[in-house]
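The structure appears below as structure tokens.
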Amino acid sequence: MVLVALLLSINSCNHSKKQKHTVKTASNYNFPLPKNWTEEKIAFPIEFAPQINYTGFENLRFAPGWEFTTSAEHWSYAFLWWLNDKPNIDRDILINNLNTYYTGLVGRNVKIRHIPASKLVPVVTALQKTTTQQDDLETYEGTVVITDYLDINYNPITLNIRIHKKDCSHTAFIFQISPKPPQHNIWQQLNMLNREFKCDE
């Protein structure tokens, strides 16, 4: 029971929980929240990745089982970047941002969970522009390899990622993430998040 309580306590610090800059203001977009999914909204600069020098915020959607290694929804989630001042972001900048983002995220959890350095792998992002999907300005697909700090053995995990740049009043990107292949059912929900996203233009 002590071990279970400890694991639950650790998991409460997952991803970007307990950020100092929580945002609760209304915005000119609609980003769906599926039933039983959880939401978080945090302001830039993100605490664990302050080098990503934007203003605006990140709005996240977590599948119910995203933090559990035994779940088919493990590490399946999505997030929106809603950025002020229309920064110009291309493929190379996205790669750099994702490397910075996940390096900071893993590093934050290394400290919280006291993960041995020998268990860590460098974050590696591979990304390419693909056929532009409906309602996108640009569409990217690729992978991000990270240390799975939610796994008791801290094994590496490869996250499949799809990124949608949107035509909004702000620079807006939707990131869909899952280790499952695109044919898996979880992508139906991830694709719904993108398909039903609406914003001012």
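Once both axes come from the Cα atoms, what is the angle between helix 186-195 and the longest principal axis of the chain, in degrees from 0 to 90, rounded to 10? Helix 186-195 sits roughly 30 degrees off the main axis of the chain. Taking a virtual spin label 7 Å from the Cα of ARG113 along the C-beta vector, which residues in segment 131-150 bring their backbone nitrogen under 11 Å of it? In segment 131-150, the label zone of ARG113 (backbone N under 11 Å from the point 7 Å along Cα→Cβ) covers 147-150. On a 0 to 90 degree scale, rounded to 10, what angle separates helix 2-11 from the longest Cα axis of the chain? It works out to around 20 degrees.
With the simple model of a label 7 Å out from the Cα in the direction of the Cβ, ASP90 to GLU39 spans 3.6 nm.
Compute the accessible area per residue over the chain, keeping the other protein chains in place, probe 1.4 Å, unit Å².
On the way: 9970 Å² over 201 residues.
For the chain, the per-residue accessible area is 50 Å².
A probe of 1.4 angstrom, applied to the heavy atoms of all protein chains, finds ILE112 with accessible area near 60 square angstrom. Placing pseudo-labels 7 Å out from each Cα toward the beta carbon at GLU141 and ASP167 gives an inter-label distance of 2.3 nm.
For the chain, the longest principal axis of the Cα atoms and the long axis of helix 91-113 meet at an angle of about 30 degrees. Kindly flag which residue pairs out of LYS35/LYS198; LYS111/LYS165; LYS41/LYS129 have an alpha-carbon separation exceeding 25 Å in this structure. Where the Cα-Cα span goes over 25 Å, the pairs concerned are LYS111/LYS165; LYS41/LYS129. Relative to the current alpha-carbon distance between ASN153 and ASN185, full extension at 0.36 nm per residue lengthens the span by 8.9 nm.
With a 1.4 Å probe and every protein chain kept in, tell me what percent of the accessible surface of the chain is carbon plus sulfur. Could the numbers behind the result be given before it?
Values: 5250 of 9970 Å².
Solvent-exposed carbon and sulfur of the chain make up 53 percent of the total.
The values are calculated or read from the model by the stated rules, or taken from the named source; none is laboratory data. As the structure is a prediction and not an experimental result, all values here were calculated from the model. All Cβ positions, glycine included, derive from the backbone under ideal geometry; neighbour counts span all protein chains shown. We work out accessible area using only protein heavy atoms, side chains counted, and drop any ligands, DNA or RNA first. Shrake-Rupley method; radii C 1.70, N 1.55, O 1.52, S 1.80 Å.
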